[in-house]
Amino acid sequence: MEVLGIVGVAAGSISIPLAAVAASTAVVGISQGVNGQQQGGGGKSAAEPDKSDPRIAKFNLVAECITPVSSPGPSPSKLVHGKIVVLRKGKLYLDAADPEYRIFSDGHPFSGFYLEYPVGQKPLALVSTISRDPPELNWIYADDDTLELKYGNKTASMNHIHGPWDWTADQRAMMLEDWEGFVALEESPGVWGLYYDQDDDLLESSGIADGRRVVECSLQRRLEAPKRS
């Protein structure tokens, strides 16, 4: 992995180049080194990375429908359950796991891991690759105004809900601000965007739902198989 790439992650650069994002132990080692220099200043070497830390393992995200809700007409649960999270045009959407059935030709499947956010109280944050070539990382966050799940650089994310991200006790499902508050909103026929249901009311009080179908869902982690060298 290029050192400049992961230093970009730890420092929160505008766009994070990454030559070999699969080398997760390098992620921890360099990010610990950057943090050590910021805190201790000087010539001491960084602590050895914890190679067993599961938070640095790369994973994909799959939507698991909890229950059909706010759904006039046929239940949309089957339209949501089992879809994968993809990134496109600054937002997170759901699309078919099978590439042959995807509605977004430009969707990039989520492929990310946890990392400390470089600003403020430095909560545990979430990053994902945003393209295959060049491979770059962006921060995942919830828009404070629209509650859409989005991705962007430090400047785009820092004034929104960028953490803390975490997982449930069984390490399977995603949490933001200590709970599973995610819903899928049918923005247009067949197009499901991901949102943070901050008020736990299916986006009703915010007016975002606006009569459209909303499905509560759990974002399940699926670990990526290690790449062969």
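What is the Å³ per residue value for the convex hull set by the Cα atoms of region 170-229?
For region 170-229, the hull spanned by Cα atoms encloses 118 Å³ per residue.
Under 5 Å between amide H atoms, partner at least 5 residues away or on a different chain: which partners does Gly181 have, H built in plane at 1.01 Å?
Amide H neighbours of Gly181, under 5 Å, 5+ apart: Leu176.
Counting only DSSP beta bridges with both residues in region 68-185, what percent are antiparallel, rounded to the nearest 5?
Roughly 100 percent of the beta bridges in region 68-185 run antiparallel, per DSSP.
Along each of the three principal axes of the Cα atoms of region 82-137, give the extent in whole Å, ordering the values from largest to smallest.
Principal-axis extents of the Cα atoms in region 82-137, largest first: 42, 26, 17 Å.
Tell me, what ³J(HN,Hα) does each residue in region 175-188 have, in order and in whole Hz, if you take phi through Karplus 6.51 cos²θ - 1.76 cosθ + 1.60 with θ = phi - 60° and put x for Gly and Pro?
Once θ is set to phi - 60°, the couplings for region 175-188 become 9, 10, 6, 6, 7, 8, x, 10, 9, 10, 10, 7, 5, 8 Hz.
Give the whole-number value, in cubic angstrom per residue, of the convex hull volume spanned by the C-alpha atoms of region 59-223.
Roughly 114 Å³ of hull volume per residue.
May I ask you to give the solvent-accessible area per residue for region 145-229, in square angstrom, as obtained with a 1.4 angstrom probe? Write down the numbers at each step before the final one.
Numbers: 4260 Å² over 85 residues.
So region 145-229 comes to 50 Å² accessible per residue, rounded to a whole number.
Please work out, to two decimal places, the log10 of the ratio I(q)/I(0) at q = 0.23 Å⁻¹ from a Debye calculation in which every Cα of region 116-174 carries one identical scatterer.
So the normalised log intensities work out to -0.96.
List the pairs from Lys58/Lys89; Lys83/Lys154; Lys89/Lys154 whose alpha-carbon separation is above 19 Å, in the order I gave them.
On the way: Lys58/Lys89 22 Å; Lys83/Lys154 28 Å; Lys89/Lys154 17 Å.
Check vs 19 Å cut-off fails for Lys58/Lys89; Lys83/Lys154.
Counting other Cβ atoms within 10 Å, which trypsin sites (Lys or Arg not before Pro) in region 153-221 have at most 11 and lie in a DSSP loop?
none
The values are calculated or read from the model by the stated rules, or taken from the named source; none is laboratory data. These figures come from a predicted structure and were not determined experimentally. Using ideal geometry, Cβ is built from the backbone for each residue, glycine included, and neighbour counts are taken over all protein chains shown. For the accessible areas, the whole protein counts, side chains as well, though only heavy atoms, and no ligand, DNA or RNA atoms are used. Shrake-Rupley method; radii C 1.70, N 1.55, O 1.52, S 1.80 Å.
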